[in-house]
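A short write-up of the structure that comes next.
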Amino acid sequence: MFEWTVARRHILGNPRMVLFTVLSVALAVAVIVVLIGLTDGFRENLIDNTVENNPHLTIDPKEDEDYIRLYRTLSNTVFQYPEVEAVSPRLVGKAAAKYKDNVEGVLFIGADPLQEDRLLRVQDDLVWGDYYDLRFKKYAAVVGSDLAEDLELKRDDDFRLVRQNVSIQVKAIGIIDTGTGLDQSLVYLPLETAQDLLGEGNVVSEVAVRLSDIYAAPEIAADLNMKTSYKAESWQDLNRDILEQLETQGVYSYIFYLLIFIISGFGIANTMIMIISRRTKEIGIMMAMGSSRLSIMKIFVFESAILGPPSALLGGGLACIASRLIGSIEVPEEVYGTSSMSVILDLETFIYVSIFALVVNFLAGIYPAYKASRLDPVEAIATE
């Protein structure tokens with residue numbers, strides 16, 4: 001085919017043009033994919049940190065009560081839902097921790113270690129020690145890493161927990177590092193020990209639930225509120241501010257994506273228009289030799305078809321390299337909830353972005369080619 005032969009010769013005979021075209025499309029693809037991946041990575045990290053470090057569903061006492069007394073019955077009721085993976089009755093309260101001359105405010109959580117570990121994977125966050133030892137050692141505690149540092153606690157040191165007029169001595173048998181602000185105040189206790197510190201008998205302050213499908217939490221919470229007198233709240237309810245922030249960020253992200261698409265599109269179009277404008281004289285010569293206007297259009301269509309896929313693949317490769325480099329950048333964990341930036345490269349995103357870049361590349365090539373094909377051959381040849 002005449003047009004295919006000419007398009008191929010143009011590409012092989014003009015490496016600079018090929019380089020400009022391929023790089024313009026590849027850079028556009030890489031930039032858009034990486035920026036979308038950065039936004040998705042931030043959103044994913046935020047949700048993961050929110051969900052993994054907290055129960056998916058929390059059941060609080062009845063409206064006229066401070067504590068849950070029939071928590072075993074309530075736990076059995078919750079287990080009837082097929083999405084439920086773990087249920088942990090917990091007694092959560094505040095106290096003061098004293099060690100030598102150091103005093104710090106703490107948030108203590110009393111729970112059965114077996115149930116609590118299924119809920120929040122506590123054992124995975126331990127720096128040292130065994131969380132399951134709390135099952136056999138009543139006066140023992142697992143302490144947050146920052147709290148242990150502030151108190152100057154070391155392995156197996158005894159310290160005191162004081163709440164109102166009650167004081168108990170416990171031994172530090174483990175240090176936990178959740179990577180969140182809880183590390184500054186968290187103390188895990190056996191449920192019975194926490195109940196002794198509270199002095200209210202065999203009660204819990206909440207029943208926490210882990211689900212196989214985190215997005216089923218609102219529906220289960222609504223069903224429990226309808227069937228029982230307890231107050232059930234999903235993680236979406238408890239983190240509404242974060243979710244609203246994500247929704248707001250999503251609107252700004254779409255505006256940002258649109259601007260990036262427009263800027264990238266103009267970059268591609270500018271490169272193609274510049275290249276084709278320089279070939280006006282060549283187009284005039286081909287028309288003078290008998291090439292039809294349609295044949296001129298086909299040549300540039302074929303050139304776009306030849307250069308497009310390699311450009312998109314190169315853009316994907318550049319996006320992968322950029323994502324690895326960005327992933328190695330360390331960021332303040334207390335601000336971002338993670339120690340490094342994350343870029344999520346999604347195949348579907350890459351396909352959509354590549355199609356966009358190729359369409360822009362095609363249209364940017366067609367327009368000046370169409371304009372040139374409408375010229376009088378004599379005028380086109382005389383163009384400098």
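Bear in mind that the values in this text are calculations on the coordinates, not laboratory data. None of these values were measured; they are calculated from a predicted model. Glycine gets a Cβ as well: all are built from the backbone with ideal geometry, and neighbour counts include every protein chain shown.
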Roughly what % antiparallel, to the nearest 5, for the DSSP beta bridges in region 57-233?
80 percent
Can you tell me the equivalent ellipsoid semi-axes for region 57-233? Use √(5λ) from the Cα gyration tensor, largest first, whole Å.
29, 18, 13
Distance in nm between label sites at Met226 and Lys154, each 7 Å beyond Cα in the beta-carbon direction?
5.9 nm
Computed over region 57-233: relative contact order in percent, which uses C-alpha pairs under 8 Å that are six or more apart
35 percent
Toward the positive end of the charge dipole of region 57-233, about the Cα centre and with charges on Cβ (Lys, Arg +1; Asp, Glu -1), which of Ala208, Met226, Leu70 goes farthest?
Leu70
If each residue's Cβ is checked for other Cβ atoms within 10 Å, how do Asp237, Asp40, Asp66 rank with the fewest at the top?
Asp66, Asp237, Asp40
